[in-house]
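Below you'll find the structure, written out as structure tokens, and then a few comments.
No value in this document is a laboratory result; all are computed from the given coordinates. Remember, predicted model here, so these are calculated numbers, not experimental data. With ideal geometry, Cβ positions are generated from the backbone for all residues, glycine too; neighbour counts draw on all protein chains shown.
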Amino acid sequence: MLVVLTELAEQAVSETLLPALPLIARDHLVVVASVADPEVRGWALATPVEPGAAYRKAAAVAALADRRRTVARLRGLGAVVVDAPPGRLAPTSPTPTCGSRPPGGCDRGIRRVWEEVCGAGRASIHLPGAPVSANRDIRPPSPRPVALALAILLAAGVAGCGIPRDPESTLDRARGGTLRAGITANDPWTTLEGGRPGGVEVELVEQFAHELGAKVEWIDGSEAELIGALEVRELDLVVGGLTADTPWQAKAAITRSYATTRVVVAVPASQPVPDDIAGVRVAVEAGTNAAGILEDKTDAVPVRVPDVTQVRGSAVAIDEWLLADLDLRDTGVHLSKAKHVMATALGENAFLVRLERFLIAHQAEVPALLDAAEAS
């Protein structure tokens with residue numbers, strides 16, 4: 001659990017907390033606590049009787065609207081937001097103390113943090129290397145910060161049940177229902193031959209949906225179209241051979257990598273591995289990232305071809321997972337590495353974590369799925 005005490009100013013939060021929240025909230029309950037200024041609310045509700053008061057009212061209304069937008073964005077990313085005036089940031093009765101019981105309910109994490117906070121206040125303090133008698137005089141932490149921490153835990157209360165959280169209940173809705181998946185073609189990860197979804201990631205998503213008791217509704221489009229739909233919660237996930245360096249990370253939550261692939265320079269198994277590829281003619285698929293890297297970063301001679309898998313008897317720049325199938329061996333020259341991911345809606349952290357766990361549990365199946373995709 002992470003508790004952040006901060007002002008809910010949009011500029012400050014957007015520059016610090018918002019960019020980090022999607023990563024933090026997938027594993028932790030994030031509670032954002034702030035003290036609201038009752039005077040600003042009073043200005044916003046007042047009826048102005050002179051120009052100065054009218055300007056003050058307009059500024060107060062704008063400030064409160066800004067605050068509400070910030071709260072909505074934080075909650076949309078899975079945080080629990082406690083925004084209250086002075087004296088009401090935490091429940092007023094009973095006053096939380098380490099002598100009281102931790103909150104009941106479904107969340108053991110809240111109770112564990114409660115016990116850790118209280119334990120820190122009760123535990124004897126021993127400094128390494130100091131005699132025991134010297135440590136007996138050290139005062140425990142002040143009870144005031146401990147009480148504040150417990151108060152915020154109570155304020156989070158029931159909201160802590162079910163961590164990580166889905167503000168839009170994506171995981172609950174998908175279970176036994178429909179999983180809305182966006183797809184863009186990127187062979188072998190995703191294909192759309194005859195309009196029918198196929199490929200490695202389609203197979204994984206279908207298996208994932210089966211575990212949830214859901215059926216998959218596939219929607220095809222460009223990456224930009226699908227990420228836009230994901231951002232407004234019209235889709236639950238997007239696949240298309242996305243990698244961890246995708247530029248869409250500001251608009252979508254990205255799973256942890258479930259597979260890593262490399263493009264390597266290889267030679268036929270019957271040929272010796274060259275000590276250096278300088279001056280070596282290397283076949284490479286035209287219009288690919290590998291072609292550019294081979295041209296700019298090595299001293300090899302790129303030979304651009306339409307389909308590198310059809311080349312025989314020559315050095316090639318090719319995906320590492322194809323080596324055994326094509327009877328090739330790695331020269332040790334690696335041109336690129338890609339960590340493969342899927343995209344989900346920002347803030348839907350329970351769904352994201354459930355998908356990540358599935359992908360990690362099934363990552364050993366990826367090589368066979370790649371082989372099957374190549375053979376089809």
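Fewest-first ordering of VAL71, VAL202 by other beta carbons within 10 Å of each residue's beta carbon gives VAL71, VAL202. For THR47 and ARG233, the FRET efficiency from 1/(1 + (r/R0)^6), where r spans their Cβ atoms and R0 equals 35 Å, is about 0.35. Partner lysines whose Cα lies under 21 Å from the Cα of LYS251, excluding those fewer than 8 positions away in the same chain, are identified as LYS339. Sorting ASP172, ASP319 by the number of Cβ atoms found within 10 Å of their own Cβ, with the fewest placed first, yields ASP172, ASP319.
How about region 281-354: which trypsin sites (Lys or Arg not before Pro) there lie in a loop by DSSP and see at most 16 other Cβ atoms within 10 Å? In loop regions of region 281-354 (DSSP not H, G, I, E or B), the sparsely surrounded trypsin sites (Lys or Arg not before Pro) are ARG312. Normalising the average separation of contacting C-alpha pairs (under 8 angstrom, six or more residues apart) by the number of residues puts the relative contact order of region 2-84 at 43 percent.
Listed by chain and number, the aspartates and glutamates placed with their C-alpha closer than 15 angstrom to that of LYS297 are ASP276; residues fewer than eight positions away on the same chain are left out.
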